[in-house]
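What follows is one structure encoded as structure tokens, with my remarks underneath.
The values are calculated or read from the model by the stated rules, or taken from the named source; none is laboratory data. Small disclaimer: the values here were computed from a predicted structure and weren't measured. A quick note on method: Cβ atoms are made from the backbone with ideal geometry, for glycine too, and the neighbour counts reach across all protein chains shown. Surface accessibility is based on the protein's heavy atoms, side chains included, excluding ligands, DNA and RNA. Shrake-Rupley method; radii C 1.70, N 1.55, O 1.52, S 1.80 Å.
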Amino acid sequence: MKLQQLRYIWEVAHHDLNVSVTAQSLFTSQPGISKQIRLLEDELGVEIFARSGKHLTHVTPAGEAILQTAGEVLRKVESIKQVAQEYSNERKGSLSIATTHTQARYALPATIRSFIERYPDVSLHMHQGTPMQISEMAADGTVDFAIATEALELFSDLIMLPCYRWNRCVLVPRDHPLTQLSELTLEDVAAHPIVTYVFGFTGRSKLDEAFVARGLEPKVVFTAADADVIKTYVRLGLGIGIVAAMAYDERVDSDLVALDASRLFASSVTRIGCRRGTFLRGYMYDFIEDFAPHLTRDIVKEAFTHHSKTELEALFADIELPVY
């Protein structure tokens, strides 16, 4: 059994079983990958992939278990490389982040700029997706960090560190009737068509919970993953928008009014998550602390020693999170 063979089966499984595309991504030949997979299967005495002719059709039950272990082995190998890099050149390497549009567009730019200026020889990669997608990428080692509000808690092998609290605002055109109210209520909001986030994005669950608790059925007429898209459809008159307050920019959105909705909805917490057992290089600690100053190197190291959600909650119980 060779590490190269484990790499091949892992990459094939993560390229929709397309050996040709996998070969292109690894800069090798398709026959070479196919041969190495067959050799590994012969050595193990089981099929990792089921086939129809020359095409791979699905991962076998044995293959699922083998791939899980192969992923763990490959991550350990990567950790060894990172340890060596840390001691040979602590200012050179790579950092990959998966996050949502709202975080990438509004919360992260200052941190990204500062990090690039501080570590010009570190290659920084950002992936965008749904909270579930980015959590999966962190859980399987595709990325170093996942930054999101939803879904991270669904993965027990992720260490989740709270970064900041945030809440929502209601966006309306300047001549909208809601701008005349002295105090906004949930009933006022529910009386209008609503444009907001797709369920599972950017604290959407808190929004739904608030309406359900009051026995209200809001008319959500349009959903999107992108706050800028939501603002576009508010401008078209499709409905009132409910977005993260950070997504409102007075200069860019001067034609809209942002009505404070922090009393209407429970606040949400954005977290940064990474896989338990990940070797964090010095610049990774610096990235976390720049994004969330209360997450010092010592606090992060202590968080990695805790093994349950309850223990992590206790660790951060006395820390007052910043409000974005």
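Annotations for the structure displayed:
- Looking only at the stretch 276-290, and only at residues there that are without any contact (Cβ under 8 Å) to a residue 40 or more places away in the chain and in a helix (DSSP H, G or I), the one that is nearest to F316 (Cα to Cα): E289
- Any hit, the stretch 206-215, residues being touching a residue at least 60 places away in the same chain (Cβ under 8 Å), within 21 Å of the chain's Cα centre (by Cα) and within 30 Å of K301 (Cα to Cα): no
- Among strands (runs of 3 or more DSSP E) entirely within the stretch 159-261, having at least 1 residues that are of a type in the set (G, A, S) singles out 220-224, 240-244, 256-260.
- Selection of the stretch 156-178 for residues being within 22 Å of F222 (Cβ to Cβ), touching a residue at least 24 places away in the same chain (Cβ under 8 Å) and open to solvent by 40 Å² or more (accessible area, probe 1.4 Å) yields only R174.
- A residue that is modelled with pLDDT of 90 or more, under 19 Å from the mean Cα position of the chain (by Cα), crowded, with 16+ Cβ neighbours inside 10 Å and among the basic types (K, R) cannot be found anywhere in the stretch 274-288.
- Qualifying residue in the stretch 156-174 (condition: more than 25 Å from the chain's Cα centre (by Cα), farther than 28 Å from E311 by Cβ and among the charged types (D, E, K, R)): yes
- Residue within the stretch 215-227 that is in contact with a Lys or Arg (Cβ under 6 Å, 6 or more places away or on another chain), under 15 Å from H101 (Cα atoms) and either open to solvent by less than 60 Å² (accessible area, probe 1.4 Å) or modelled with pLDDT of 95 or more (or both) present: no
- Number of the condition not met by V195 [criteria: (1) in contact (Cβ under 8 Å) with a residue 60 or more places away in the chain; (2) in contact with a Ser or Thr (Cβ under 9 Å, 6 or more places away or on another chain)]: (1)
- Yes/no for V46 being over 32 Å from the mean Cα position of the chain (by Cα) and among the β-branched types (V, I, T): yes
- Candidate set: the stretch 76-92, residues that are more than 16 Å from S123 (Cβ to Cβ) and in contact (Cβ under 8 Å) with a residue 60 or more places away in the chain; chosen: the one surrounded by the most Cβ atoms within 10 Å (Cβ to Cβ): S79
- Which listed residue, of A244, A266, A261, is touching a Cys at 6+ places or on another chain (Cβ under 7 Å) and either modelled with pLDDT of 90 or more or open to solvent by 50 Å² or more (accessible area, probe 1.4 Å) (or both): A261
- Any chance A84 is farther than 24 Å from N18 by Cβ, in a helix (DSSP H, G or I) and of a type in the set (G, A, S): yes
- Extreme residue, farthest from K92 (Cα to Cα), among residues of the stretch 291-313 that are open to solvent by 70 Å² or more (accessible area, probe 1.4 Å) and not in a loop (DSSP other than H, G, I, E, B): T310
- Unique residue being closer than 25 Å to M137 by Cβ and under 25 Å from the mean Cα position of the chain (by Cα) when the list is V12, V59: V12
- L207 vs. criteria at pLDDT below 90, within 30 Å of A317 (Cβ to Cβ) and buried (at least 19 other Cβ atoms within 10 Å of the Cβ): yes
- Within the stretch 88-121, the set of residues being under 19 Å from the mean Cα position of the chain (by Cα) and among the β-branched types (V, I, T) comprises I97, T99, T100, T102, T111, I112.
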